[in-house]
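*Asks:* My structure is below; once you've seen it, I'll send some questions.
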Amino acid sequence: MASTTSGDVLPTGGRTFTSIPDVFFIPEFVFGGLVWILVASTHVFPDNPLGWVMFVSVFCFVVTTLWFFIFLCGANQSSIWPSLDVGYHFVAVVFYLSASVDLAYITILRGLSLAIISSEDDLKVYRLDIAAVVMSYVATLLYFLHAIFSAIRWKSS
């Protein structure tokens, strides 16, 4: 039985920088890395929700880096790769959305406590958390767009 996907469905090499779903790799690196840096530069308190945010940002950063290099090297030409691409980006969207909601909730709680106890360090951490929330939702949007366009590519192959 013939495969329904052709061998050159996914881009390789320099074409990775010009294809529609794969052009999101670089912004995903940037905004995911910013979430990681901004959360790591503050006091990771409370541990549980912010630990999840750190796990998601580091996990997605590392896997997206590996995914990007697989695409650049051309090792993605098997017929399974389009569905793996959709699956990974869907998982990344779910992870980042849950991490974004957790981070926003912790930031809101930190902002409410800032009205009671206000110091310059607390205000700095609060502002870093706000920036991390924004970057986290932007990363979520980028992974979502990548997942949608990857699903369209998968269905058309």
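*Asks:* Out of Ala139, Ala99, I need the residue that is closer than 18 Å to Phe25 by Cβ and open to solvent by less than 30 Å² (accessible area, probe 1.4 Å). Which one?
*Replies:* Values: Ala99 fails: closer than 18 Å to Phe25 by Cβ.
So the residue among Ala139, Ala99 that is closer than 18 Å to Phe25 by Cβ and open to solvent by less than 30 Å² (accessible area, probe 1.4 Å) is Ala139.
*Asks:* Name the residues in the stretch 30-53 that are of a type in the set (A, V, I, L, M, F, W, C) and surrounded by 18 or more Cβ atoms within 10 Å (Cβ to Cβ), would you? First the steps, then the outcome.
*Replies:* Kept after step one, since they are of a type in the set (A, V, I, L, M, F, W, C), are these residues of the stretch 30-53: 30-31, 34-40, 44-45, 50, 52-53.
Hits for the stretch 30-53 are Phe31, Leu34, Val35, Trp36, Leu38, Val39, Leu50, Val53.
*Asks:* Is it the case that Gly87 is over 18 Å from Ile37 (Cα atoms) and touching a Gly at 6+ places or on another chain (Cβ under 7 Å)?
*Replies:* Working: over 18 Å from Ile37 (Cα atoms): yes; touching a Gly at 6+ places or on another chain (Cβ under 7 Å): no.
When the stated conditions are applied, Gly87 does not pass them.
*Asks:* If you don't mind, another one. Could you tell me how many of the residues in the stretch 125-153 are charged (D, E, K, R) and free of Cβ contacts under 8 Å to residues at least 40 places away in the same chain? Walk me through it before giving the result.
*Replies:* Taking the stretch 125-153 and keeping what is charged (D, E, K, R), we get 127, 129, 153.
After this cut, where a residue has to be free of Cβ contacts under 8 Å to residues at least 40 places away in the same chain as well, the list is 127.
So the count comes out to 1.
The values are calculated or read from the model by the stated rules, or taken from the named source; none is laboratory data. All values derive from a computational prediction rather than experimental measurement. Cβ sites come from the backbone with ideal geometry, for glycine too, and all protein chains shown count toward neighbours. Areas reflect the complete protein model, heavy atoms only, side chains present, ligands, DNA and RNA absent. Shrake-Rupley method; radii C 1.70, N 1.55, O 1.52, S 1.80 Å.
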